[in-house]
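Some notes on the structure that comes next.
The values are calculated or read from the model by the stated rules, or taken from the named source; none is laboratory data. Worth saying up front: this structure is predicted, and the values here are computed from it rather than measured. Every residue, glycine as well, gets a Cβ built from its backbone with ideal geometry; the counts of neighbours run over all protein chains shown. Accessible surface areas use protein heavy atoms only, side chains included; no ligands, DNA or RNA. Shrake-Rupley method; radii C 1.70, N 1.55, O 1.52, S 1.80 Å.
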Amino acid sequence: MKVQLHITPRDALIDVPRAISVEGVLPNTEVTLRTQTLRAKQVIWQSEAVFLANATGSIDLQQDAPLRGSYQGVEAMGLIFSQTPTQEGSAVFPEDVTQPLITVVSVYAKGVLLAEGELIQRFAHDDVERIEVREDGLVGTIFKPKHKGSYPAVIVLNGSGGGINEPRAALYAAHGYIAFALAYFKAPGLSDYISNTPLEYFVKGIDWLREHYKPRHNFVALSGQSRGGELVLLLGSLFPDKVSAIIAFVPGAVVHSAQNAADPKLGREGYAWLLNGKPIPHVWENNKTATWVPFDEGDPPHRHELAVRTALADKDAVARARIRVEHCRCPILLISAEDDGAWPSQWYSQMVMDTLRAHHYPYIYRWSHHLQAGHTIVFPYLPTTQLVHKHPVSQRLSTQGGTMLANAHANEQAWKDVQQFLFDSTGYYPTL
């Protein structure tokens, strides 16, 4: 019998799990499965695992754990999330998210190639169009369904790395949303730093999206990661009439200083946000306990969260900088990580939940918490092996926390929770 490699589905959105199996190999023999994710015909990410074929000469990754290799245990997508880069600093995402990630899966026994196939992961399909936005001072990218119709909208905001978060916006659009990846620094025509970012910019973005794309029932959710998670809670509290729902990935519950994304001339204890030209007070301001020593000293990689916790020991400073989430008037989803190396998103999420509960918050509010996971919760199914991160602005090397397996599971479950939350918030499941 000819050796056959089955990948089902072979070509689908990135958040679709695949069934990978092999049949026709010699029974009870060791078989190696290797992956190589290619870009411009060069290997960027790779993994390997050795399995023992059963008595019928088959291997099924949904049922079988490897004997050894890049991951352990029964994990249907273990070959993908356990990939490591061939060169340090290799990006997971392609520069053009309209192009798929193509992974070659190879089957070997005793060094001989027996079968090979492609696993294709797409951020969006052909029914989604991409539109660059450079209008009215706004910088970003719209992804939207090509079909005529009325769709809810989501604005996607990045964290302290800045830039335009096209991968997440593309995936939202692939599920039937109008998604606006809105940059606010470190993008063409904008500042290179988060320092002194005017909040009116985001109000303009919300209004512009409503005016130009007429979302279904005027629904515009805000989805933010890290500093973006802090930002979406802050915007919801200050402009409650503008925001239809909040999705806060690993958020802050207090306003922070510019930190690692600061303009060096202003310093990391300078302001991040302005409103009506005036700075929004942050937790580091007039703080009696805050110190950067736990982050700055010692051997890299450093853990930023340790320094943030020193600031949180000043209860008066925390109270002054607290985001008034009780002023929001929309559903809220919090996504946190137990081992967050950037800042204590679990503590922050608990703080938000306690506040909403104490104020008898009348809207949906949920908490998606992930044990042993780190700061980089994104979406399935991506490599989760890069636990140490060089900050795009400060270039400081730090750990994001978590483990490969916990981060992979968090990516999968958090994205399910996001989709359910949006369905419950809109009453509409707009999958194309």
Revision key, fill the gap. When restricted to Glu95, Glu88, Glu48, the only residue surrounded by 15 or more Cβ atoms within 10 Å (Cβ to Cβ), out of contact with any Pro (no Cβ under 7 Å at 6 or more places or on another chain) and among the acidic types (Asp, Glu) is Glu48
Exercise for review: Taking only segment 296-307 into account, find how many residues are assigned to a helix (DSSP H, G or I) and either open to solvent by 80 Å² or more (accessible area, probe 1.4 Å) or at pLDDT 95 or above (or both).
Suggested key: 4
Exercise for review: Could you please find all residues in segment 321-368 being outside any strand (DSSP E or B), touching a Pro at 6+ places or on another chain (Cβ under 8 Å) and either small (Gly, Ala, Ser) or open to solvent by 40 Å² or more (accessible area, probe 1.4 Å) (or both)?
Suggested key: Ala321, His327, Arg329, Ser345, Ser349, Tyr363, Ile364
Review point. Being of a type in the set (Ser, Thr, Tyr), in contact with a strand residue (DSSP E or B) (Cβ under 8 Å, 6 or more places away or on another chain) and in a loop (DSSP other than H, G, I, E, B), is that true of even one residue in segment 79-87?
Key: yes
**Study point:** Any pair with Cβ under 6 angstrom, 6 or more apart, that starts in segment 12-24 at a residue that is closer than 16 Å to Ala49 by Cβ and ends at one that is open to solvent by 20 Å² or more (accessible area, probe 1.4 Å) and not in a strand (DSSP E or B)
**Key:** Ala19/Gln62
Point to revise | Number of the exception - Thr310 against (1) part of a helix (DSSP H, G or I); (2) modelled with pLDDT under 95; (3) not hydrophobic (A, V, I, L, M, F, W, C) | key: (2)
Exercise for review: State yes or no: is Leu382 part of a loop (DSSP other than H, G, I, E, B), of a type in the set (A, V, I, L, M), at pLDDT 95 or above and open to solvent by less than 20 Å² (accessible area, probe 1.4 Å)?
Suggested key: yes
Review point. Would you call Asp136 open to solvent by 60 Å² or more (accessible area, probe 1.4 Å), more than 22 Å from Thr8 (Cβ to Cβ), of a type outside the set (Lys, Arg) and in the same structural domain as Thr376 (by the TED database)?
Key: yes
Exercise for review: Please specify each residue of segment 58-73 satisfying the condition of being within 13 Å of Leu5 (Cβ to Cβ) and part of a loop (DSSP other than H, G, I, E, B).
Suggested key: Leu61
Review point. Got a number for residues in segment 260-278 being open to solvent by 30 Å² or more (accessible area, probe 1.4 Å), within 20 Å of Lys186 (Cβ to Cβ) and part of a strand (DSSP E or B)?
Key: 1
**Study point:** Filtered residues of segment 182-221 (kept if crowded, with 20+ Cβ neighbours inside 10 Å and in a helix (DSSP H, G or I))
**Key:** Phe202, Gly205, Ile206, Leu209
Exercise for review: Give the residues of segment 385-421 that are closer than 21 Å to Ile247 by Cα and open to solvent by 50 Å² or more (accessible area, probe 1.4 Å), sorted by residue number.
Suggested key: His409, Glu412, Gln413, Lys416, Gln420
Point to revise | Filter result (open to solvent by less than 50 Å² (accessible area, probe 1.4 Å) and either modelled with pLDDT under 95 or in a loop (DSSP other than H, G, I, E, B) (or both)) within segment 146-158 | key: Tyr151, Pro152, Asn158
